[in-house]
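The values are calculated or read from the model by the stated rules, or taken from the named source; none is laboratory data. Note that the structure is predicted; figures quoted are calculated from it, not measured. Positions of Cβ are backbone-derived with ideal geometry, glycine not excepted, and every protein chain shown enters the neighbour counts. Areas reflect the complete protein model, heavy atoms only, side chains present, ligands, DNA and RNA absent. Shrake-Rupley method; radii C 1.70, N 1.55, O 1.52, S 1.80 Å.
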Amino acid sequence: MNFLSHYYFDRDINNCYHILGIVLPDLLKNADKNIILHPEKLHHTDKNINSIIAGWNKHLAVDRYFHSSDFFTIHSHQLKKLLLPAIEGSPVKPFFLGHVALELIIDNLLLTTGKIQVDDFYAHLAGCKTSVIDEFLTFSGLPDSTVFLNFFDDFKSSQYLHTYAETHQIAYALKRICMRIWQNPFTPEHEAQMNEVLNDYRDYLLPDFMSIFEEIANKLIAI
């Protein structure tokens, strides 16, 4: 799941470090795909750092349930098939495209149906002290946190996730993600055709997209 879908499960928690933890695995991956940390079983004397670890573990659980669900299997496959003709000649792997497109559509639906407020999410991140984040990263085995902390500042200041509420921007958001792996993933023609597919599939998912959140929430309760 993407940032805002992870936030949905803990939207009522008033602990900025926990909220940071539930999105931190993806933030680190976006900052530098070579950063690999495994703080899952660590315990620190600082309760704020332990809150980040708890959020991190929640992230892993949510992703595990999402990626093993019928919802993910069915809809990522359908999107892959529908997007294939739209990206003819593109270097992007179809499975990757279907996977990420589904996650972006779900984030869009959470925002456009008012299930979450993106300003609340950013407010939580803004409340986290850099010194605590740096200590967590050092404690988890990252020798130099400079690259991540610079990325995190840019992430907070750009407020980019607001664009996920704009349905016509889903293809552009998908392109930005693909550009981390492929230099020129799509032509303008690709983007235009992808937008048509993504808009139609968003409308198709709208009536029943919350079923996956209900399914995962029930599994989290059982942990």
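Just for the range 158-196: of the residues that are of a type in the set (Val, Ile, Thr) and outside any loop (DSSP other than H, G, I, E, B), which one is modelled with the highest pLDDT?
Looking at the filtered set, the residue picked out is Thr163.
Checking each residue in the range 169-198 for being in contact (Cβ under 8 Å) with a residue 24 or more places away in the chain, farther than 19 Å from Glu88 by Cβ and touching a helix residue (DSSP H, G or I) at 6+ places or on another chain (Cβ under 6 Å) picks out Ile170, Ala173, Ile177.
In the range 11-19 there is no residue matching the filter, namely being open to solvent by less than 10 Å² (accessible area, probe 1.4 Å), over 30 Å from Pro143 (Cβ atoms) and assigned to a loop (DSSP other than H, G, I, E, B). The set of residues in the range 156-165 being surrounded by fewer than 17 Cβ atoms within 10 Å (Cβ to Cβ) and either among the β-branched types (Val, Ile, Thr) or without any contact (Cβ under 8 Å) to a residue 24 or more places away in the chain (or both) consists of Ser157, Ser158, Tyr160.
The one condition from (1) among the aliphatic types (A, V, I, L, M); (2) over 13 Å from the mean Cα position of the chain (by Cα); (3) at pLDDT 95 or above; (4) open to solvent by 20 Å² or more (accessible area, probe 1.4 Å) that Ala61 does not meet is (4). What about Asp46, is it within 27 Å of Phe209 (Cβ to Cβ) and either in contact (Cβ under 8 Å) with a residue 60 or more places away in the chain or open to solvent by less than 20 Å² (accessible area, probe 1.4 Å) (or both)? So Asp46 fails the test.
Conditions (1) within 20 Å of Asn14 (Cα to Cα); (2) open to solvent by less than 10 Å² (accessible area, probe 1.4 Å); (3) within 19 Å of the chain's Cα centre (by Cα), marked per residue:
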residue	(1), (2), (3)
Ile105	no, yes, yes
Gln117	yes, no, yes
His124	yes, no, yes
Asp134	no, no, no
Pro143	no, no, no
Thr146	no, no, no
Asp154	no, no, yes
